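*Asks:* What follows is a single structure, and I will ask about it in a moment.
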Amino acid sequence: MSEHAFQECINPQCAKTYAIDEIHHACPSCGELLDVSYDWDKLNVPKNLSDFEKYWSERNVPQRLSGVWRFHDLTPFAPLDQCVTVGEGQTLLQNAQGIAPFVGVNPANFYLQYEGLNPSGSFKDNGMAGAFTHGKLVGAKRAACASTGNTSASLAMYCAVTKLMKAVIFIGSGKIAYGKLSQALDYGAKTVQIDGDFDDAMARVQEVSKRLGIYLVNSVNPFRLEGQKSIMFRVLEQLRWNPPDWIVVPGGNLGNSSSFGKAFIELRQLGLIKKVPRIAIINAAGANTLYRLVEKDSLRWNGGNYDKTLVRKFYSDMTAEGRRASTIASAIEINRPVNLSKCLRALDFTRGVVREVSEQGILDAKAQIGAGGFGCEPASAASVAGAKRLVAEGVIGRDERVVCILTGHQLKDPNATVAYHGMDAELYEKYLKNRGVTETPYANRPISVANDLDKIVAAIEN
Ligand code: F0G
């Protein structure tokens, strides 16, 4: 345990602190979210970001190979040798020149950060390394999460590999892509399907983990977000430590955007960056709570004094109207994001913006990302669809340096891909037509041909 790390309420009017080995999902005093905070002046933090390059030569130490713990100096809540790793964070920032024309930006300055290359196929492994390390520190035997699929796949994998804890996962019925569900089942997680959606599962898992004393690894857990800061550290590392102009990220439960904001607040505080990138958070139009609250209702962080009455009214109207999240980007099919307040802080610090994108926009962007190589799942493509929209609006300049975060692997949701490319009429109906997606301009249609050599040759040559 680090003597220079503690938990701290993010509400500046409360700012109560708690020991690092306590377990809270919220501030016991005022109910706000908690941060992991550090006495930086008592810690030995590198003076320059390039100093982290010294760790590249220590890749035989598992924690230095980890793309999370390589930056342990910036997340030092547990001793390095106690930090849990399954090899997360070996991810790629690609200068995606082929996709830049679709977005409308200068190809030299457009980048995709492929977090789908993590061991369980999504960015969640960054955070799970953090949460698992804390869980180990407090001696947890079981860990739980509600999930749209990726958190549960990641939790199940960390449990199966490390045997430190047993996984209990909560999912909404029929709400999870099979690629993700298959992982949780294969890795042996106890899988509880709730009659409801993610928002219902999220509410229940908090009650159940409290009652049964199960360690919660959803992103209300501040140690999760410590791990996810490393996505930004790796983006900087791959840009030779020069911050980009924009980070564009899909928004669901708002853990990523919150952790990116915290990363930049701390890097700035430590004098490690001069320029702070702007964060653009992209909602699916069918799950657009953040977009509506921030862009329509002008909700702002306001030094921690954000308008809670407005938020309460928004949610009570949502309940009264029976509004449920609905999008093909099932990973971000979330209407009650648990990290809303932290996300407002991130938007405030980074002069961020929020946009919503349509199902059509998401699927077209996904097809273009796929055509550029590696690919991603639908939720991830919201980032590229959102960047395209912000360029069209003139908010992102054509020559600005833009990094879109691709949060999950293409193979997480193959049905969406196959439906778009027109392989299967039933899938097309379910995934596209029923959701109002009528055009597939970037479809790569399979060719059906009789089992006849001449006809096959003719089909290929035509
Ligand atoms: N992209 C993917 C692929 C995701 O799985 C998620 C969240 C998000 C984006 C949204 O990220 O919550 O940090 O804003 N998936 C969670 C899950 C909810 O259960 O796997 P966020």
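Only the coordinates and a few stated rules stand behind these numbers; no lab work does. Predicted model, so just to flag it, every value in this text is computed and none were measured. So basically every Cβ, Gly included, is an ideal-geometry build from the backbone, and we count neighbours across all protein chains shown.
*Asks:* Starting with the fewest neighbours, write out Lys229, Lys412 ranked by other beta-carbon atoms found within 10 Å of each beta-carbon. Please report the intermediate quantities before stating the final value.
*Replies:* On the way: Lys229 26, Lys412 31.
Ordered by Cβ neighbours within 10 Å, fewest first: Lys229, Lys412.
*Asks:* Right, something else. Determine one quarter of the surface area of the Cα convex hull of the stretch 286-373, which equals its mean projected area, and express it in nm² to one decimal.
*Replies:* Values: hull surface 27.1 nm².
Across all orientations, the stretch 286-373 yields a mean hull projection of 6.8 nm².
*Asks:* Given the DSSP H assignment, sum -39500 (n - 2.57) over each helix run of at least 4 residues in the chain and divide by its residue total; what's the result at 222 nm in deg cm²/dmol, nearest 500?
*Replies:* Details: 14 runs with 160 residues, N = 462.
Result for the chain: -10500 deg cm²/dmol, rounded to the nearest 500.
*Asks:* Can you tell me the dipole magnitude for the stretch 257-375 around its Cα centre, using point charges on the Cβ only (Lys, Arg +1; Asp, Glu -1), in Debye to the nearest 20? Spell out each step's value before the answer.
*Replies:* Details: 19 positive and 11 negative charges, 103 e Å.
About 500 debye.
*Asks:* Which aspartates and glutamates have a Cα lying under 18 Å from the Cα of Lys136, excluding residues fewer than 8 positions away in the same chain?
*Replies:* Glu3, Asp21, Glu22, Asp81, Glu88, Asp125, Glu226
*Asks:* Treat the count of other C-beta atoms within 10 Å as a stand-in for reagent exposure and order Thr327, Thr162, Thr407 from fewest to most.
*Replies:* Numbers: Thr327 25, Thr162 14, Thr407 29.
Fewest to most other Cβ atoms nearby, the residues stand as Thr162, Thr327, Thr407.
*Asks:* Okay, moving on. Net charge near Lys313, counting Lys/Arg +1 and Asp/Glu -1 over other residues with Cβ under 15 Å of its Cβ? Present the calculation step by step, with values, prior to reporting the outcome.
*Replies:* Details: positive: Arg292, Lys296, Lys308, Arg312, Arg323, Arg336; negative: Asp297, Asp307, Asp317, Glu321.
Summing Lys and Arg as +1 and Asp and Glu as -1 gives +2.
*Asks:* Another one. Across the stretch 165-215, how large is the tail of the calculated P(r) beyond 12 Å, expressed as a percent of all Cα pairs? Each step should come with its number before you reach the end.
*Replies:* Working: 819 of 1275 pairs.
Result for the distance tail: 64 percent.
*Asks:* Let me ask you something else. Can you give me the long-range amide H partners of Ile194? Hydrogens built in the peptide plane at 1.01 Å from N, cutoff under 5 Å, separation of 5 or more residues or another chain.
*Replies:* Ile171, Gly172, Ser173
*Asks:* How many Å³ per residue does the convex hull of the Cα positions in the stretch 126-253 occupy? Could the numbers behind the result be given before it?
*Replies:* On the way: hull volume 14.9 nm³, N = 128.
Roughly 116 Å³ of hull volume per residue.
*Asks:* Moving on to the next point. Ratio of the stretch 305-353's C-alpha Rg to 2.2 N^0.38 Å, to two decimals? Intermediate values should be presented prior to the final figure.
*Replies:* Values: Rg = 12.8 Å, N = 49, 2.2 N^0.38 = 9.7 Å.
Normalised Rg, Cα atoms only: 1.33.
*Asks:* Cβ under 11 Å from Arg355's Cβ, Arg355 left aside: what net charge do those residues give with Lys, Arg +1 and Asp, Glu -1? Write down the numbers at each step before the final one.
*Replies:* Working: positive: Lys388, Arg389; negative: Glu295, Glu356, Glu393.
Neighbourhood net charge equals -1.
*Asks:* Can you tell me the alpha carbon radius of gyration of the stretch 12-132 divided by the globular rule-of-thumb value 2.2 N^0.38 Å? Write down the numbers at each step before the final one.
*Replies:* Details: Rg = 18.1 Å, N = 121, 2.2 N^0.38 = 13.6 Å.
Working it through for the stretch 12-132, the quotient is 1.33.
*Asks:* Under a 5 Å amide H to amide H cut-off, with H placed in plane at 1.01 Å, what residues pair with Arg142 once short-range neighbours are removed?
*Replies:* Lys166, Tyr215
*Asks:* Only Cα pairs under 8 Å and at least 6 apart count here; give the relative contact order of the stretch 57-200 as a rounded whole percent.
*Replies:* Numbers: 234 pairs, mean separation 24.2, N = 144.
Value for the stretch 57-200: 17 percent.
*Asks:* Only sites in a loop by DSSP and with at most 16 other Cβ atoms within 10 Å count here; which GluC sites (Glu not before Pro) in the stretch 412-446 make the cut? The partial results should precede the final answer.
*Replies:* Details: sites: Glu426, Glu429, Glu439; in loops: Glu439.
Passing sites in the stretch 412-446 are Glu439.
*Asks:* Let me know the whole percent of all Cα-Cα pairs from the stretch 1-65 that are separated by more than 19 Å. Kindly include the intermediate steps, with their values, before the conclusion.
*Replies:* On the way: 1071 of 2080 pairs.
Counting pairs separated by more than 19 Å, the tail of P(r) holds 51 percent.
*Asks:* The stretch 294-445: D in µm²/s via Stokes-Einstein (Kirkwood Rh, Cα pairs, 20 °C, 1.002 mPa s)?
*Replies:* On the way: Rh = 17.2 Å.
Estimated diffusion coefficient is 125 µm²/s.
*Asks:* Taking amide hydrogens as modeled 1.01 Å from N in the peptide plane, which residues meet the under 5 Å criterion relative to Arg278, leaving out close sequence neighbours?
*Replies:* Here the answer is Trp246, Ile247, since their amide H atoms fall under 5 Å of that of Arg278.
*Asks:* Please go through the stretch 1-100 and write out the trypsin sites (Lys or Arg not before Pro) that DSSP classes as loop and that have at most 10 other C-beta atoms within 10 Å. Could the numbers behind the result be given before it?
*Replies:* On the way: sites: Lys16, Lys42, Lys47, Lys54, Arg59, Arg64, Arg70; in loops: Lys16, Lys47, Arg59.
In loop regions of the stretch 1-100 (DSSP not H, G, I, E or B), the sparsely surrounded trypsin sites (Lys or Arg not before Pro) are Lys47.
*Asks:* I want to check the label-to-label distance for Lys42 and Gln193. Put each point 7 Å from Cα in the C-beta direction and report it in nm to one decimal.
*Replies:* Simple spin-label model gives 5.0 nm for this pair.
*Asks:* Moving to a separate point now. Working only with C-alpha atoms, what are the Rg and Dmax values of the chain, expressed in angstrom?
*Replies:* When restricted to Cα atoms, the chain yields Rg and Dmax of 21.6, 77 Å.
*Asks:* Of Lys274/Lys342; Lys141/Lys180; Lys54/Lys166; Lys42/Lys274; Lys175/Lys229, which pairs sit farther than 26 Å apart, going by alpha carbon to alpha carbon?
*Replies:* Values: Lys274/Lys342 22 Å; Lys141/Lys180 23 Å; Lys54/Lys166 36 Å; Lys42/Lys274 22 Å; Lys175/Lys229 28 Å.
Where the Cα-Cα span goes over 26 Å, the pairs concerned are Lys54/Lys166; Lys175/Lys229.
*Asks:* I'd like the chymotrypsin sites (Phe, Trp or Tyr not before Pro) in the stretch 310-391 restricted to DSSP loop residues with at most 16 other Cβ atoms within 10 Å, sorted by number.
*Replies:* Values: sites: Phe314, Tyr315, Phe349, Phe374; in loops: Phe374.
Sites meeting the loop and neighbour criteria: Phe374.
*Asks:* Right, something else. Let me know the charge dipole size of the stretch 1-116 about its Cα centre in debye, to the nearest 20, where only the beta-carbon of Lys, Arg (+1) and Asp, Glu (-1) is charged. Before the final figure, lay out the partial values.
*Replies:* Working: 7 positive and 15 negative charges, 84 e Å.
Using Cβ point charges on Lys, Arg, Asp and Glu, the stretch 1-116 gives about 400 debye.
*Asks:* With θ set to phi - 60°, apply the Karplus curve 6.51 cos²θ - 1.76 cosθ + 1.60 along the stretch 276-284 and write out the HN-Hα couplings as whole Hz, x wherever there is a Gly or Pro.
*Replies:* These are the phi-based 3J(HN,Hα) values: 9, x, 7, 9, 10, 9, 10, 8, 6 Hz.
*Asks:* Also, quick follow-up: Just checking the chain: which Cys have no other cysteine's beta-carbon under 4.7 Å?
*Replies:* Isolated Cys, the chain: Cys83, Cys145, Cys159, Cys343, Cys376, Cys404.
*Asks:* Another one. Please tell me the relative contact order of the chain in percent, rounded to the nearest whole number, where contacts are Cα pairs under 8 Å and at least six residues apart.
*Replies:* Relative CO of the chain lands at 16 percent.
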